[in-house]
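Engineer: Take this structure, written in structure tokens, and hold onto it; I'll ask about it next.
Each reported figure results from applying straightforward, stated rules to the coordinates on display, with no laboratory input. All values reported here derive from a predicted model rather than from experimental measurement. When we count neighbours, we look across all protein chains shown, and the Cβ atoms used for this are built from the backbone with ideal geometry, even at glycine.
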Ligand SMILES: NC(=O)c1ccc[n+]([C@@H]2O[C@H](COP(=O)([O-])OP(=O)(O)OC[C@H]3O[C@@H](n4cnc5c(N)ncnc54)[C@H](O)[C@@H]3O)[C@@H](O)[C@H]2O)c1
């Protein structure tokens with residue numbers, strides 16, 4: 001069986017998810033399209049990198065990503081670092097001819113994403129950007145229903161990604177609140193996931209009209225150098241520093257195919273943990289999805305007999321996309337990690353078959369253009385054409 005040696009950079013939240021996905025791939029998809037091998041893990045300090053090796057099952061560790069991407073034994077460079085290092089690592093990996101997995105958002109801005117896309121252009125390598133939520137079986141099934149024409153011509157898409165992990169102003173200021181590292185706040189961090197879903201299901205987005213806010217304009221410094229996503233740490237009395245990214249974005253969308261849409265992205269939505277989803281309406285039906293109930297898809301078909309009309313709740317399982325690979329009966333449930341394994345299968349299959357992955361750097365660049373247009377629209381207070 002062909003093996004693919006992985007170098008993973010970054011051992012935080014996403015490092016954990018990606019390492020588990022490589023480990024889980026052959027358990028779900030047997031035989032695997034190729035066998036990923038967790039070869040080298042990289043982090044900033046020896047202690048972090050060595051812990052990454054022991055905890056996430058890698059053979060070796062390093063603190064020098066630039067040397068690792070040149071290592072001839074490495075096939076895949078997997079970028080799980082904060083957004084400010086994606087471009088530098090990806091461009092070096094492309095120059096070394098490696099396949100690349102990169103966490104989202106692809107970059108901090110569209111020009112930076114374009115440099116990454118240019119770096120992989122014309123090279124015989126597979127690249128992927130980790131908009132994982134589109135790989136949720138219920139979402140893939142929604143796309144199948146749309147492609148089969150079950151809900152007719154698409155008219156509108158209303159998406160949301162509401163969260164509350166930083167809703168308390170005493171939540172420490174991590175890299176996610178710093179423009180120099182993150183690029184933007186809610187827009188690139190969580191809005192980008194819904195934009196990916198909107199493009200995946202409805203098609204290209206050509207214009208946006210946004211309201212962009214920063215309600216919490218300063219936060220306490222975090223203790224230590226590590227991110228505190230989801231941490232219970234609160235420092236109401238600590239020294240404070242300014243937040244220079246958005247924490248709230250609401251925007252209208254105009255799709256190239258004629259549909260309209262809207263997306264709400266918020267870090268201030270108490271009670272919403274990971275409330276990512278959409279409501280989608282067409283000329284003959286509707287679909288509702290909510291990641292917090294990710295094993296369910298609500299569908300409405302206008303051609304049901306009038307007395308039976310209503311949303312039905314489909315529980316995904318073996319008959320649905322990826323269902324046979326995952327768990328044997330509906331109701332056992334898939335979770336966040338299962339979706340990361342499906343995503344990983346998409347990457348490894350594409351490499352094994354010598355084709356491009358989806359979504360890839362071209363998608364990541366397009367979403368970066370949309371994110372930049374949202375930021376520009378928030379400043380100009382009006383419609384902005386994407387890429388204009
Ligand atoms: N797809 C998703 O659902 C999802 C969820 C969370 C985060 N993300 C994305 O994943 C990326 C990482 O986020 P995270 O939550 O894992 O962050 P994190 O802060 O938890 O972890 C980042 C890791 O990268 C390491 N690192 C930073 N700079 C480095 C460098 N130059 N060399 C080596 N290691 C370095 C840090 O030490 C840390 O271990 C971000 O781009 C983020 O937007 C995606």
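Engineer: DSSP beta bridges in the chain, what fraction antiparallel, as a percent rounded to 5?
Structural biologist: Bridges in the chain are about 60 percent antiparallel.
Engineer: Still on this structure: Would you work out the relative contact order for region 143-198, in percent, from Cα pairs under 8 angstrom that are 6 or more residues apart?
Structural biologist: Taking the mean separation of contacting Cα pairs over the length of region 143-198, I get 31 percent.
Engineer: Something else now. How big, on average over all directions, is the shadow cast by the Cα convex hull of region 3-131, in nm²?
Structural biologist: For region 3-131, averaging the hull's shadow over all directions gives 7.4 nm².
Engineer: Below 8 Å between Cα atoms, with a sequence gap of 6+, how large is the relative contact order for the chain in percent?
Structural biologist: Once normalised by length, the contact order is 20 percent.
Engineer: Go through 336-344, 379-387 and give me the packing order, highest mean Cβ count within 10 Å leading.
Structural biologist: 336-344, 379-387
Engineer: Quick one: Debye curve from the alpha-carbon atoms of region 89-239 only, equal weights, vacuum; give me log10 I(q)/I(0) at q = 0.14, 0.16 Å⁻¹ to two decimals.
Structural biologist: -0.91, -1.08
Engineer: Can you tell me which of 240, 309, 143 moves the most in a GNM of the chain? Springs connect C-alpha atoms under 10 Å apart.
Structural biologist: With Cα springs under 10 Å in the chain, the top fluctuation among 240, 309, 143 is at 309.
Engineer: Using per-residue counts of other Cβ atoms within 10 Å, averaged over each peptide, order 295-304, 75-84 from highest down.
Structural biologist: 75-84, 295-304
Engineer: Same structure, new question: Across the chain, what fraction of all alpha-carbon pairs, as a whole percent, falls in each successive 20 Å bin from zero upward?
Structural biologist: 28, 59, 13, 0
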